[in-house]
Amino acid sequence: MKKTAVVILNWNGAELLSQFLPGVEQHSLGAAIYVVDNASTDKSVAYVRSKHPQVHLIVLDRNYGFAEGYNRGLASIEADIYVLLNSDVEVTPGWLEPVLSIFETNQNVAACQPKILDWKNKSQFEHAGAAGGYVDKNGFMFCAGRIFNSFEEDHGQYDSDREVFWASGACLFVRADLYEAAGGLDPDFFAHMEEIDLCWRLKNMGYTIWAAGQSKVYHIGGASLHMQHPYKVFLNFRNNLFLLTKNYNYSPLLPRLLTRMILDGVAAFKFLTEGKPRFFLAVFKAHFHFYLALRGMLRKRKARTLRKPNKVGLYSGSIVADFFLRGKKSFHDLDPQKFEY
């Protein structure tokens, strides 16, 4: 087995560590386990030191967020494969081997994820990654097993290994050398979608992203920031514009950005009609912050590496139109001819 490091980024998550870290130790034999602490003010550090002395502990001087927190923690870890694991994930027996086998058999695989199921409803796929991520022509993200707020039950329909567009940061396996070559996670994202940005950069370098159908974990989701929080809405809308600006290369960027901004405006007014004024304001705040950061994002776009970009998992249709207008609520309802393979 390749030298594997399971790395949990923690911020004030002592309760989650006490709940899930024992299982990670039990089911990750052969891998080194690390907790990178983002300057927690609870009892996280004391808990790891006293209850899990075999776990390597890296304590950062302040909260750097998800992206930079991982970058700083991983900089001091030597491994062939990094596993970026959320602290609110329950792993299962044998979860590592199917994913690592994909790396062993295909040297062009840069990153991979297991099936991610809902910890509260273990027969149902979870929001953050489900059975592997895809992107439509307007930059909207969706998953096998989850489109917007429609979740599939797991009946084994995604038990085969598949190439996808992006893998989830809730449980992200990535080659260490390619993580470094791609520049790691972008700290300008702070949190949310930074793993999609990393996967997209790796695809632009010509590598592949996979989902392992024979490995599964259970994710609580929203443990650090609830799904229905205006700040999460802000991050998702802003960071999605960051993603497109940095990485999109399948047609002229400006028309795609303008289309996306119009659709974001529609979403904002939908929030308003639903009685969610704070979400409405979060979308407009996201666009304002995007304009402020646009010059820097364009510099990053210019500096990107384009080496036989891999388009597998790109959906040429509009997932918004398919879901809300055509009633296509599950992944298998989508036209397979609209996917790049």
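Worth a mention:
- Residue within the range 296-309 that is more than 30 Å from G156 (Cα to Cα), in contact with a Phe, Trp or Tyr (Cβ under 7 Å, 6 or more places away or on another chain) and at pLDDT 95 or above present: yes
- The residue that is farthest from F190 (Cα to Cα), counting only those in the range 74-97 that are assigned to a loop (DSSP other than H, G, I, E, B) and among the β-branched types (V, I, T), is T92.
- Those residues of the range 142-162 which are buried (at least 20 other Cβ atoms within 10 Å of the Cβ) and either hydroxyl-bearing (S, T, Y) or not in a loop (DSSP other than H, G, I, E, B) (or both), in sequence order: F142, C143, R146, I147, F151, Y158
- Verdict on G184 being in contact with a helix residue (DSSP H, G or I) (Cβ under 8 Å, 6 or more places away or on another chain), surrounded by fewer than 23 Cβ atoms within 10 Å (Cβ to Cβ) and touching a residue at least 60 places away in the same chain (Cβ under 8 Å): yes
- Considering each residue of the range 189-200 in turn, none proves to be in a loop (DSSP other than H, G, I, E, B), out of contact with any helix residue (DSSP H, G or I) (no Cβ under 6 Å at 6 or more places or on another chain), closer than 17 Å to G133 by Cα and of a type outside the set (G, A, S).
- Filter result for G313 (farther than 15 Å from R238 by Cα and within 22 Å of the chain's Cα centre (by Cα)): yes
- Test for I262: is it exposed (fewer than 15 other Cβ atoms within 10 Å of the Cβ) and among the aliphatic types (A, V, I, L, M): yes
- Given (1) within 25 Å of V233 (Cβ to Cβ); (2) touching a Leu at 6+ places or on another chain (Cβ under 8 Å); (3) of a type outside the set (A, V, I, L, M), index of the condition F339 fails: (1)
Table: residues versus (1) farther than 30 Å from N12 by Cα; (2) not assigned by TED's automatic domain parsing to the domain that holds F151; (3) not in a helix (DSSP H, G or I).
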position	(1), (2), (3)
F242	no, yes, no
P255	yes, yes, no
L263	yes, yes, no
Y291	yes, yes, no
R295	yes, yes, no
R299	yes, yes, no
G327	yes, yes, yes
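The values are calculated or read from the model by the stated rules, or taken from the named source; none is laboratory data. If you're wondering where the values come from, they're calculated on a predicted model, not measured in any experiment. Neighbour counts run over all protein chains shown; Cβ positions are idealised from the backbone, glycine included.
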